[in-house]
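The values are calculated or read from the model by the stated rules, or taken from the named source; none is laboratory data. The shown structure was predicted, so the numbers you read here are calculated from the model rather than taken from an experiment. Reconstructed Cβ throughout: ideal geometry from the backbone, glycine too, with neighbour counts over all protein chains shown.
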Amino acid sequence: MNHETALSKATEIAASVLAPAARQNDKEGRFSSEAVDALGRAGLLGLMLPAELGGSGLGPRSFAAVTAALAEADASVAMVYLMHICAVATIAAAPPGAAVEPILREIAAGRHLSTLAISESGSRSHFWAPVSRARRNGAGVHLTAKKSFVTSAGNAQSYVVSSLAPDGTGPTDSTLYLVPADSPGLSVAGPWDGLGLRANASAPMSLDGCEVPPQLRLTDDGAGFKAMLEVALPPFNLGTASVSLGLCRAAVAGTVAHLKSARFEHLGQSLGESLPTLRAQLATMQIDTDGLAARIDDLVEHLERPRETTMLRVLEAKAAAGEVAIGVTSAAMRACGGAAFSRHMNIERLFRDAHAGAVMAPTGDVLREFIAKAILGMPLF
Ligand SMILES: Cc1cc2nc3c(=O)[nH]c(=O)nc-3n(C[C@H](O)[C@H](O)[C@H](O)COP(=O)(O)OP(=O)(O)OC[C@H]3O[C@@H](n4cnc5c(N)ncnc54)[C@H](O)[C@@H]3O)c2cc1C
């Protein structure tokens, strides 16, 4: 599979599987297993895995394009997809000795969905500082933790879990583990009833003395922090920015359709023909959406050819994208008036979904802290 086929498969799945069900899944808060099955059958779950493992060996450019295309139809599914890709990158980066190859092959074959279970109730959005601590259990560990939000909770086949290393001394001395869904002691600890992204099952999960064998330790002890920042964060920020882009594109398309079709019959004109204020709002939405697309292209280019400014771009892209998505979907709500407000169109779902990006860790506020500290030459942690 090359970039073009990956994108065309994603676009086809978005049109045939995601779009027809998005409204009802949002209403019911229903996780779309059909969407995950379709992504698996199309080979998109193994998008970035190497060909030796059965993957497509594609890079960040294809991941961003696929994620944005999915988000244009249903951001909940796009978020499930991006969490999976971040988890897969983390699993694939496990040190030699980890027995993850069979799982990676299952992922490439489209039969295994994974996700990140990082945030904890105790340290909230400060994902880099888990409060749970792994306890030694022979050569493996026991994990007991309260994970506050886990996208695809109860629907994934495995979870990438963070916990303080058994002998770690500092707040960021964590280790990452792979916990299969059928591990005794692992459970979904509550419902997911979000304002937006309602169909992605981002419920809390508990680990109660889950046994993890040494082969499923994904990092050296204490190296979880480094893996979170260097392996998981770049695709996470690129993916959330791409979800924002898909939402913006959908908001522009929905607004265009409305301004063309809704009419002032007494004036004999469509809304778009009649009102320059609406045209100005639409133009601003388009400018901001294309600006975000250019920012994502720039980040992709930095990830393809890493350099000194790459981490800064990683931080900036998610911070900027969260604000753009809120701005563009808010403008769409206003331009489409009472029709949007009364849920006659999909704009209000896009508006609700768009608000998740800024509060998902690293939140927009935390990213600003990191960016400013970085350019002031201050330590980040
Ligand atoms: C839809 C959704 C899906 C999610 N999926 C996952 C998942 O799959 N896996 C996972 O691990 N987590 C997931 N999360 C959790 C997410 O990453 C955050 O941990 C969570 O949203 C933080 O919420 P909180 O109430 O705990 O924030 P709090 O930490 O209580 O933050 C409250 C406010 O304080 C601000 N703030 C916090 N610290 C600072 C600081 N140092 N400087 C400035 N401002 C600060 C924040 O920006 C925020 O505005 C998900 C969250 C959502 C909403």
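Residues that are more than 9 Å from the ligand (Cβ to nearest atom) and either assigned to a loop (DSSP other than H, G, I, E, B) or acidic (D, E) (or both) within region 175-197 comprise A181, D182, S183, P184, G185, A189, G190, P191, D193, listed in sequence order. Does A134 meet the test of being out of contact with any helix residue (DSSP H, G or I) (no Cβ under 6 Å at 6 or more places or on another chain), small (G, A, S), modelled with pLDDT of 95 or more and away from the ligand (no atom under 16 Å from the Cβ)? So A134 passes the test. Does any residue of region 33-43 turn out to be touching a residue at least 12 places away in the same chain (Cβ under 8 Å), within 18 Å of the chain's Cα centre (by Cα) and farther than 30 Å from P102 by Cβ? Looking for residues that are touching a residue at least 12 places away in the same chain (Cβ under 8 Å), within 18 Å of the chain's Cα centre (by Cα) and farther than 30 Å from P102 by Cβ, one finds none in region 33-43, hence no.
If you filter region 53-88 down to residues that are within 24 Å of P214 (Cβ to Cβ) and either of a type outside the set (A, V, I, L, M) or buried (at least 21 other Cβ atoms within 10 Å of the Cβ) (or both), you find that the one that is farthest from the ligand (Cβ to nearest atom) is V88. Of the set (1) over 30 Å from A293 (Cα atoms); (2) in contact with a Pro (Cβ under 9 Å, 6 or more places away or on another chain); (3) in a loop (DSSP other than H, G, I, E, B), all apply to W128 but (1).
Among the helices (runs of 4 or more DSSP H) confined to region 331-381, the ones with at least 3 residues that are within 25 Å of D193 (Cα to Cα), within 11 Å of the ligand (Cβ to nearest atom) and touching a residue at least 24 places away in the same chain (Cβ under 8 Å) are located at 356-359. For region 143-174, a residue qualifies if it is within 19 Å of A227 (Cβ to Cβ), charged (D, E, K, R) and either surrounded by 24 or more Cβ atoms within 10 Å (Cβ to Cβ) or within 16 Å of the ligand (Cβ to nearest atom) (or both), and exactly one does: K147.
All conditions but one from (1) under 23 Å from G122 (Cα atoms); (2) in contact with a strand residue (DSSP E or B) (Cβ under 6 Å, 6 or more places away or on another chain) apply to P213; the one that does not is (1). Of R135, R124, all but one fail to be farther than 21 Å from A223 by Cβ and surrounded by fewer than 20 Cβ atoms within 10 Å (Cβ to Cβ); the exception is R124. How many of the residues making up region 92-127 are free of Cβ contacts under 8 Å to residues at least 40 places away in the same chain and more than 16 Å from the ligand (Cβ to nearest atom)? Residues flagged as free of Cβ contacts under 8 Å to residues at least 40 places away in the same chain and more than 16 Å from the ligand (Cβ to nearest atom) within region 92-127 amount to 2.
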